[in-house]
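The values are calculated or read from the model by the stated rules, or taken from the named source; none is laboratory data. If you're wondering where the values come from, they're calculated on a predicted model, not measured in any experiment. Cβ placement follows ideal geometry from the backbone for every residue including glycine, while neighbour counts extend to all protein chains displayed. With ligands, DNA and RNA removed, areas are computed over all heavy atoms of the protein, side chains included. Shrake-Rupley method; radii C 1.70, N 1.55, O 1.52, S 1.80 Å.
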Amino acid sequence: MNRRTFLSAALCGALGVLGRNACAASHPSLTFDEMYSGVSVLGLQFSDKLKSLAGGPVAVRGFMAPPLKADAKFLVLTKEPVSLCPFCNSDQDWPDNIIVVYLSEKTEFVQNNRLIEVRGTLQVGSFTDEETGFVSLVRIVDATFEVV
């Protein structure tokens, strides 16, 4: 855990009695349009903002793609509502408008047309999930979400 993540977690714990809004203020916001700076022959290029937030707390608003199974502990956050799960076979084909979200605990999913805000720790770089085999470039881990 880096210093920024530790301080944010400590602040959220200390402010927990004030409710989610106080904790949300400690999570820098990130939009889908701020994630990548372009595309090269090597694929999507991470933006300076995305790289600077990696390893720390972040809040991102988007839409929940339909889950692959009802009891999953992860979801796919999308820029626009979608009717099918947008997972790809490799990170070379990774869409620039989705983020994999690993939830801190199993929770009920919401309809794919409801705007949600996800809060958690941002991870950047290619990763293959051992359980599902899914590949991702950008993830939010130990996450929670709420309908906004």
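A few comments on the model shown:
- Scanning segment 118-148 for residues that are outside any strand (DSSP E or B) and small (Gly, Ala, Ser) yields one hit, GLY133.
- Restricted to segment 52-65, and to residues there that are of a type in the set (A, V, I, L, M, F, W, C) and open to solvent by 30 Å² or more (accessible area, probe 1.4 Å), the residue that is farthest from GLN123 (Cα to Cα) is PHE63.
- Candidates LYS79, LYS106, LYS49, LYS69 - the one that is modelled with pLDDT of 95 or more, open to solvent by 50 Å² or more (accessible area, probe 1.4 Å) and of a type in the set (D, E, K, R): LYS49
- Restricting the first member to segment 117-145 and to residues that are open to solvent by less than 10 Å² (accessible area, probe 1.4 Å), and the second to residues that are charged (D, E, K, R) and modelled with pLDDT of 90 or more, the beta-carbon pairs closer than 7 Å and six or more apart or on different chains are GLY120/ASP142; ALA143/ARG119.
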